[in-house]
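A short worksheet on the structure shown next.
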Amino acid sequence: MSRPAHFDLVVIGGGLGGIAAALAAARLGLPSVLVSESDWIGGQVSSQCIPPDEHPWIESVGCTRTYREFRDRVRDFYRRNYPLNAAVRETRLFNPGSGNIGPLSHEPYVARLVLEEMLAPWISRGLITVLRDYQVAEVSTDLDEVRSVLVRGAGGDEIEISGSFFLDATDLGDLIGLAGVEHVVGAESAADTGEPHALPGAPDPLDQQAITWALVLGWQPGTDNTIERPDDYETWRSYQPPEWPGSLLSWEVSDHVTHRPRTRPLFVDRPSPGGIYYDLWHARRVLDSGHLDDEWSDVTVAAWPMMDYSRLPLIGVDDQTRRRALADAQQLSLSFLYWMQTEAPRHDGGQGYPELRPRGDLTGTANGLAKMPYIRESRRIRAEVTLLEQHIGVEARKGLQGAERFADSVGIGAYRIDVHPSTSGRPTIDIDTWPFQIPLGSLIPVRVKNLLPAAKNIGATHLTSGACRVHPSEWTVGEAAGALAGFCVRQKLRPTQVRADEARLAEFQAMLTGPIGIELEWPEYEALTPRHRFGYVTASPAPQGRPA
């Protein structure tokens, strides 16, 4: 590719939102460039090693056509490439890992390969160009428009890219920050938003959700895979976060909903009456060896409460502080692994699980850590519409049936307001919600005309972003943003003009529900309450040599 370069659509960020945006633009004939800061595309589902967090109705409703295609392709990948037993192979909606956090727990690198398959024909046609291991370094603006971005590769080479529209699909809203787009960081005050669970005093921009540096672990009976003692092990072994019942490195956690002490061991001896193993291993198990022959062993993703890093924020701090936070998060995760391997009380007596094997071969890293941390909270644009707790929260809606209805809906989502421990010391926040709509107004910045959010950075709050950050919602936002950019280029319009004109809005929404394939409203469904946090699947039988 020449330097400089021009594309109709410039997508910064190679996560799910960025991929969905590029695919939508390609289907509309709009050439785009997808700038990924990792060599693995897919963000939270691949390079961050987080299997899909999804709502209870995902198998039938509540996602876009291409997100459903992604899910179908994941299952098909296992059918085509893994020696599944007959019963599993014939199960249409089988769960590769039988993880109880969601109905499609699968290996991160499989997600990456599936996403590469989805992009491949469009890359061949010249409608999508992918830059891997590149980050946005500078942004050139002219009044209320972005003119170009300078992206820098891991090797130091630079490319200046101009475009008609620019989409921010990064985890932290990097493009928003560099372009000077009006935005919010951290936690708002109740005085500003009217939200019942917002801060009672002043807003706090450094009140940001914890990040988690996930690990992929295998279970290898009869082997000792103990890692080298992490440098900061003693620091984390003695650390007790606010509202935590004891040391962070233990099986005792603060319950996400009640904040009361709760035991979350690696394994439990028996399932619950509903057949679910409510332990850490089965939460995000991504490969269930019971689906395969005896030569296979389980693989799980460790992204557990004890690994939530909340000592330092990533946004609004200097580079040195940000680097320290990222290094600390890695040390915390490795320290928890070392504690599990050497000191943790075992479910069957004794201490330590040396059988735990870091699977760096499945993460593309030397130590089994994900390539990137799982980041839950981004800069959020100041938008024409801000999604509030009053729009989706059951308690905040004071007995109203369902979420707020938006005439300018560009998609739907469903997840509880799930806010992890804060860098200001606040504990978790977990709030019942109604399945909700995503308004077009939340994608339109108050000033800048040709930049759109395409990930966790829409017009939402610290609270409601906790319901919008999960996999299907990020995909929906990105796909809607890519379609909006394509629609605007073809019609020679600005996003605010689409929203302000009833006929244009109807035409755009018809394109979304038709050729793009985005659902704009929910059927009548119940609210998401604590019982929806688990229980998507029943546990499979445990093969010999592995704890149930």
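The values are calculated or read from the model by the stated rules, or taken from the named source; none is laboratory data. Remember, predicted model here, so these are calculated numbers, not experimental data. We place every Cβ from the backbone using ideal geometry, glycine too, and count neighbours over all the protein chains shown. Ligands, DNA and RNA are excluded from the accessible area calculation, which covers all protein heavy atoms including side chains. Shrake-Rupley method; radii C 1.70, N 1.55, O 1.52, S 1.80 Å.
Expressed as a whole percent, the accessible area of the stretch 115-222 that falls on carbon and sulfur atoms is 49 (1.4 Å probe).
Can you give the calculated 222 nm mean residue ellipticity of the chain, where each DSSP H run of n ≥ 4 adds -39,500 (n - 2.57) and the sum is split over every residue, rounded to the nearest 500 deg cm²/dmol? Kindly include the intermediate steps, with their values, before the conclusion.
Details: 15 runs with 142 residues, N = 548.
The per-residue figure over the chain is -7500 deg cm²/dmol.
Modelled label positions at Ala191 and Asp224, each set 7 Å beyond Cα in the direction of Cβ, lie 6.1 nm from each other.
Given a cut-off of under 8 Å on Cα pairs at least six residues apart, what relative contact order in percent is computed for the chain?
Details: 1321 pairs, mean separation 120.5, N = 548.
Relative contact order, the chain: 22 percent.
Measure nothing but the geometry: give the 0 to 90° angle between the long axis through the Cα atoms of 65-81 and the longest principal axis through the Cα atoms of the chain, rounded to 10°. For helix 65-81, the angle is close to 40 degrees. Across the stretch 213-222, coupling constants 3J(HN,Hα) worked out from phi with the 6.51/-1.76/1.60 Karplus curve, θ = phi - 60°, read 9, 6, 10, 10, 10, x, 10, 10, x, x Hz, and Gly and Pro carry x.
Computed FRET efficiency, Cβ-Cβ of Asp39 and Tyr239, R0 25 Å: what is it to the nearest 0.05?
Values: r = 33 Å, r/R0 = 1.31.
With R0 = 25 Å, the Cβ-Cβ based efficiency is 0.15.
Distance distribution P(r), the stretch 70-201, all Cα-Cα pairs, bin width 10 angstrom from 0: 9, 23, 22, 25, 17, 3, 0 percent. Specify which labelled value, from (1) 23.6; (2) 33.9; (3) 24.7, agrees with Kirkwood radius over Cα pairs in Å derived from the coordinates of the model shown. From the options (1) 23.6; (2) 33.9; (3) 24.7, the structure gives (1).
How large a share of the accessible area of the stretch 392-533, in percent, is made up of carbon and sulfur atoms when the probe is 1.4 Å and the other protein chains stay in place?
Working: 2310 of 4640 Å².
About 50 percent, which is the carbon plus sulfur part of the accessible surface.
Filter the GluC sites (Glu not before Pro) in the stretch 212-286 down to the DSSP loop ones having no more than 14 other Cβ atoms within 10 Å, then list what survives.
Glu228, Glu243
The angle separating the long axis of helix 108-125 from the principal Cα axis of greatest extent in the chain is about 30 degrees.
For the stretch 305-374, treating each Cα as an identical point scatterer without solvent, what Debye log10 I(q)/I(0) comes out at q = 0.14, 0.17, 0.24, 0.26 1/Å? Each listed q corresponds, in turn, to -0.54, -0.73, -1.08, -1.15. Among beta bridges from DSSP that stay inside the chain, the antiparallel ones total about 65%. Counting lysine pairs in the chain that sit 8 or more residues apart in sequence, or on different chains, and whose Cα atoms lie under 28 Å apart gives 4. The string of couplings for the stretch 394-403 from the Karplus curve (6.51, -1.76, 1.60, θ = phi - 60°) is 5, 5, 5, 8, 6, x, 5, 8, x, 7 Hz, one whole number per residue in order, with x for Gly and Pro. Extending 7 Å from Cα along the Cβ direction at Gln320 and again at Glu395 yields two label points whose distance is 4.1 nm.
What the Cα convex hull of the stretch 1-122 gives, in volume per residue, is 118 Å³.
By per-residue mean of other Cβ atoms within 10 Å, what is the highest-first order of 355-361, 76-82, 269-275? The partial results should precede the final answer.
Numbers: 355-361: 20.1, 76-82: 14.0, 269-275: 11.1.
Going by the mean number of other Cβ atoms within 10 Å, highest first, we get 355-361, 76-82, 269-275.
Just the protein heavy atoms count here, and of the accessible area of the stretch 226-358 at 1.4 Å, carbon and sulfur take up 44 percent. For Leu287, the residues whose amide H sits under 5 Å from its own are Val299, ignoring neighbours fewer than 5 places away on the same chain, with H placed 1.01 Å from N. If you take the beta carbon distance between Ala506 and Arg311 as r and set R0 to 56 Å, what does 1/(1 + (r/R0)^6) give as a FRET efficiency, to the nearest 0.05? Efficiency at R0 = 56 Å is approximately 0.70. Among 496-505, 382-391, 450-459, sorting by the average number of other beta carbon atoms lying within 10 angstrom of each residue, highest first, gives 450-459, 382-391, 496-505. Database remark: amide H of Val130 closer than 5 angstrom to the amide H of Leu34 (H placed geometrically; neighbours at sequence offset of 5 or more, or on other chains; Pro and chain starts carry no H).
Roll a 1.4 Å probe over the protein chains and send me the accessible area per residue for the chain in Å².
On the way: 19980 Å² over 548 residues.
Normalised by residue count, the accessible surface of the chain is 36 Å².
Over the stretch 248-396, what relative contact order in percent results from Cα pairs under 8 Å that are six or more residues apart? Intermediate values should be presented prior to the final figure.
Details: 142 pairs, mean separation 19.7, N = 149.
13 percent.
Against the empirical 2.2 N^0.38 Å (N residues), the stretch 280-398 has a Cα radius of gyration ratio of 1.42.
Put simply, the stretch 156-305 fits an ellipsoid with semi-axes of 37, 26, 18 Å; these come from the alpha carbon gyration tensor as the roots of five times its eigenvalues, largest first. How far is it, in nm, from the label point at Tyr278 to the one at Asp133 when both lie 7 Å from their Cα along the line to the Cβ? Taking the two extended label points, one gets 4.6 nm.
Residues with beta-carbon under 12 Å from that of Leu493, excluding Leu493: net charge, scoring Lys, Arg +1 and Asp, Glu -1?
On the way: positive: Lys449, Arg490, Lys492, Arg494, Arg499, Arg504; negative: Asp501, Glu507.
Combined, the nearby Lys, Arg, Asp and Glu give +4.
When both the stretch 381-444 and the stretch 200-250 are represented by their alpha-carbon centers, they are found 28 Å apart. Checking every one of the GluC sites (Glu not before Pro) in the stretch 72-118 against DSSP loop status and a limit of 16 other Cβ atoms within 10 Å picks out Glu90.
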